[in-house]
Amino acid sequence: GVAAAMIFGSLERLWAPQAIHYPEAMGVAVFGLVINLICAFILGGAHDHGHHDHDHAQGHGHGHDHHHDHSDLNLKAAYIHVLTDAATSVLAIAALAGGWFYGWAWLDPATGIVGAVLIALWAKNLIVQSGRVLLDREMDHPVVAEIRDVIAQLARCRVIVRYGIGVDNVDLAA
């Protein structure tokens, strides 16, 4: 939606250039960058909070090192949003500088298209991650890798069955 509107607006300005008030536009772009960097700093601290590695005593003879991803997709979306805004602000500043100092008026709408592509790619990534959570399909989770390792180890074991009376009738041998 937003990326498509940006591309449409940029193409419109490429075909029918409009006058740009460079000092005012540069001031707005720099102000926007500063605000987005402050927000990214705040959200980045909140985004990293709670991500840690720790051991769990599993009670079966060996320890496990799990990295649990406790990320909140809403917080992550807000963080990505301000990062993409900051990136597009940097692109806008560069484009405005090129137009102001070198007369390259086409640079502003061209970087608008690049910014729209960045926003679309990052939005797609967030949609994919949200879909995994909504569908309970987090197949890259570290616990899944551990389960696969245990199954692989069991597949290499041969089962020795002892016939007799008692609880210990099955042994696993490597």
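The values are calculated or read from the model by the stated rules, or taken from the named source; none is laboratory data. Just so it is clear, the model here is predicted, and its values are computed rather than measured. Every residue, glycine as well, gets a Cβ built from its backbone with ideal geometry; the counts of neighbours run over all protein chains shown. The accessibility values were calculated without ligands, DNA or RNA, using every heavy atom of the protein model including side chains. Shrake-Rupley method; radii C 1.70, N 1.55, O 1.52, S 1.80 Å.
What the table below lists for this structure:
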read-out	value
Condition met for VAL128 (modelled with pLDDT of 80 or more, more than 20 Å from ALA40 (Cβ to Cβ), open to solvent by 40 Å² or more (accessible area, probe 1.4 Å) and among the aliphatic types (A, V, I, L, M))	yes
Residue match in the range 56-71 (condition: hydrophobic (A, V, I, L, M, F, W, C) and at pLDDT 90 or above)	no
Residues that are over 27 Å from the mean Cα position of the chain (by Cα) and surrounded by 11 or more Cβ atoms within 10 Å (Cβ to Cβ), drawn from the range 10-20	LEU11, GLU12, ARG13, LEU14, PRO17, ILE20
Looking only at the range 73-98, and only at residues there that are in contact with a helix residue (DSSP H, G or I) (Cβ under 6 Å, 6 or more places away or on another chain) and free of Cβ contacts under 8 Å to residues at least 24 places away in the same chain, the one that is surrounded by the fewest Cβ atoms within 10 Å (Cβ to Cβ)	GLY98
Scan of the range 16-55 for residues that are modelled with pLDDT of 90 or more and acidic (Asp, Glu), ordered by number	GLU24
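Listed here are the residues, each with its yes/no results for (1) among the small types (Gly, Ala, Ser); (2) in a helix (DSSP H, G or I); (3) in contact with a Gly (Cβ under 8 Å, 6 or more places away or on another chain).
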site	(1), (2), (3)
MET6	no, yes, yes
LEU11	no, yes, no
GLN18	no, no, no
GLU24	no, yes, no
VAL28	no, yes, no
PHE31	no, yes, no
LEU37	no, yes, no
ALA40	yes, yes, no
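Table: residues versus (1) among the small types (Gly, Ala, Ser); (2) at pLDDT below 90; (3) open to solvent by 70 Å² or more (accessible area, probe 1.4 Å); (4) farther than 30 Å from LEU73 by Cα.
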residue: TRP100; (1), (2), (3), (4): no, no, yes, yes
residue: ALA105; (1), (2), (3), (4): yes, no, no, yes
residue: GLY115; (1), (2), (3), (4): yes, yes, no, no
residue: LEU154; (1), (2), (3), (4): no, yes, yes, yes
residue: LEU172; (1), (2), (3), (4): no, yes, yes, yes
